[in-house]
Amino acid sequence: SAKAAGSNQWAFFKQQMTERAAVRLRTEASLHDALKHDEFRLHFQPKFDIKTGKILACEALIRWQKDGRLISPLSFIPVAEETGIIIPIGRWVIEEACKTLREWKVRYNFVLPIAVNVASQQFADASLVPDIKQLALRYQIDPELLEIEITETSLMNDIELAISKLQQLKSAGFGIAVDDFGTGYSSLSYLRHLPITTMKIDRCFVTDLPQESAIASTILMLGKQLNLSVVAEGIENQEQLDWLSSNDCQIGQGFYFSKPLPMDEFIEKYIKPNTASISNI
Ligand code: C2E
Ligand code: MG
Ligand code: MG
Ligand code: MG
């Protein structure tokens, strides 16, 4: 009967929900363990000056080293956000980035800005701004070398609060980039009130270049008008790069230049060679 079918469906639904909740709990517990056992790593993806090919900065991207495998942030950041454990994970990311900046300076006499991603819930947390300031102070980091990447969606959750937090970060000297720009619901009228320094064109608009270029053009134009630097994410081929270059996009990031690399590979490839050229002068 229909009633029996309905009740079967309900039982099935309930079982699914219970399983999902159980998975979430298990994942949360193993994320706690991962923090405790130091299983997270940062990988680094360079950002380049499109005109000169010179490395300008890099983005730190978290990985979970679990039983010899690397787990992508796409599969644990959403759960970390749902359960709140993103707060200590996010703090670990910021501290690790500060340590790294310090290490590059002290060991290689090399400075390269590092961008870290801040999740929505982490941005909403009252301890974020004081934590960042305190960590920068503790590791003696020039705030200009630490850039905070926040998605457009996180900023639009509570626009007034976002403006006041960004203001605090910006006046302390930290860089602020709006990540995945174009995919959220930015109110353009608010954009000019946001104390940001950079917009990152989301990969999905770069993928379509050069055939479909309306959104990328618009973001570049907006950047110019608002006096912000613009980074193109997810550049995968020469055609995309050519279009970006001839449309005055200053900064590029993507597999065409380099995938995100583990710390030691990044140092070999991008830090040591530059250190040599500095010490030769
Ligand atoms: P995102 O911040 O927009 O980072 C860019 C993502 O695109 C990275 O994926 C990067 O590896 C990938 N990517 C870069 N260039 C290319 C390209 O040319 N082609 C393609 N197909 N992909 C490219 P990843 O490392 O898997 O990170 C995915 C997302 O996870 C990030 O997107 C960010 O939202 C989040 N995430 C990563 N690390 C952290 C973190 O430490 N904290 C937080 N809260 N989120 C993070
Ligand atoms: Mg990012
Ligand atoms: Mg992005
Ligand atoms: Mg993204």
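Being under 30 Å from Glu103 (Cβ atoms), not aromatic (Phe, Trp, Tyr) and not in a helix (DSSP H, G or I) is the requirement here; does Ser186 meet it?
The answer is no for Ser186.
Looking only at the range 174-186, decide whether some residue is under 18 Å from the mean Cα position of the chain (by Cα), more than 16 Å from ligand 4 (Cβ to nearest atom) and in contact (Cβ under 8 Å) with a residue 40 or more places away in the chain.
The answer is yes; a qualifying residue exists.
Regarding the range 226-240, can at least one residue be identified that is part of a helix (DSSP H, G or I), surrounded by 14 or more Cβ atoms within 10 Å (Cβ to Cβ) and within 13 Å of ligand 1 (Cβ to nearest atom)?
yes
Looking at the range 17-52 only, could you name the residues that are among the polar types (S, T, N, Q), surrounded by fewer than 12 Cβ atoms within 10 Å (Cβ to Cβ) and in a helix (DSSP H, G or I)?
Thr18 - this is the single residue of the range 17-52 that is among the polar types (S, T, N, Q), surrounded by fewer than 12 Cβ atoms within 10 Å (Cβ to Cβ) and in a helix (DSSP H, G or I).
Return the only residue of Ile219, Ile267 being within 16 Å of ligand 2 (Cβ to nearest atom) and open to solvent by less than 80 Å² (accessible area, probe 1.4 Å).
Step by step, each of Ile219, Ile267 is checked, and only Ile219 is within 16 Å of ligand 2 (Cβ to nearest atom) and open to solvent by less than 80 Å² (accessible area, probe 1.4 Å).
Could you tell me whether Leu161 is in contact with a Leu (Cβ under 7 Å, 6 or more places away or on another chain), open to solvent by 30 Å² or more (accessible area, probe 1.4 Å) and not hydroxyl-bearing (Ser, Thr, Tyr)?
No.
Residue check, Gly173 against (1) surrounded by 18 or more Cβ atoms within 10 Å (Cβ to Cβ); (2) more than 16 Å from Gly223 (Cβ to Cβ); (3) in contact with an Asp or Glu (Cβ under 7 Å, 6 or more places away or on another chain), all met but one. Which one?
(1)
Which residues, taken from the range 187-209, are open to solvent by 40 Å² or more (accessible area, probe 1.4 Å) and either within 16 Å of ligand 1 (Cβ to nearest atom) or in contact with a Gly (Cβ under 8 Å, 6 or more places away or on another chain) (or both)?
Correct list: Thr197, Arg203, Cys204, Thr207, Asp208.
Select from the range 133-155 the residues that are at pLDDT 95 or above and assigned to a helix (DSSP H, G or I) and list them in ascending order.
Hits for the range 133-155 are Lys133, Gln134, Leu135, Ala136, Leu137, Arg138, Pro143, Glu144, Leu145.
Which of the residues belonging to the range 80-118 are within 16 Å of ligand 4 (Cβ to nearest atom) and either within 16 Å of Asp264 (Cα to Cα) or open to solvent by 30 Å² or more (accessible area, probe 1.4 Å) (or both)?
Scanning the range 80-118 gives Glu81, Asn117.
Look through the range 119-141, keep the residues that are open to solvent by less than 10 Å² (accessible area, probe 1.4 Å) and touching a Phe, Trp or Tyr at 6+ places or on another chain (Cβ under 9 Å), and return whichever of them is nearest to Thr153 (Cα to Cα).
Here the answer is Ile132.
Does the range 59-68 contain any residue that is under 24 Å from Asn274 (Cα atoms) and part of a helix (DSSP H, G or I)?
Checked against the condition, which is being under 24 Å from Asn274 (Cα atoms) and part of a helix (DSSP H, G or I), the range 59-68 yields no hits at all.
Out of all the residues in the range 198-225, which are among the polar types (S, T, N, Q), away from ligand 4 (no atom under 16 Å from the Cβ) and assigned to a helix (DSSP H, G or I)?
Ser217, Thr218, Gln225 - these are the residues of the range 198-225 that are among the polar types (S, T, N, Q), away from ligand 4 (no atom under 16 Å from the Cβ) and assigned to a helix (DSSP H, G or I).
Test of understanding: among Gln134, Gln122, Gln140, which residue is within 16 Å of ligand 4 (Cβ to nearest atom) and polar (S, T, N, Q)?
Unique residue meeting the criteria: Gln122.
If the Cβ limit is 8 Å and pairs must be 6+ apart or interchain, which residue in the range 216-244 that is over 20 Å from Thr151 (Cα atoms) pairs with which residue that is part of a helix (DSSP H, G or I) and polar (S, T, N, Q)?
Pairs found: Glu236/Thr207; Gln240/Thr207.
The values are calculated or read from the model by the stated rules, or taken from the named source; none is laboratory data. Quick caveat, the model's predicted, so the values are computed rather than measured. All Cβ positions, even for glycine, are placed from backbone atoms using ideal geometry, and neighbour counts span all protein chains on display. Surface areas here come from the heavy atoms of the whole protein model, side chains and all, with no ligands, DNA or RNA. Shrake-Rupley method; radii C 1.70, N 1.55, O 1.52, S 1.80 Å.
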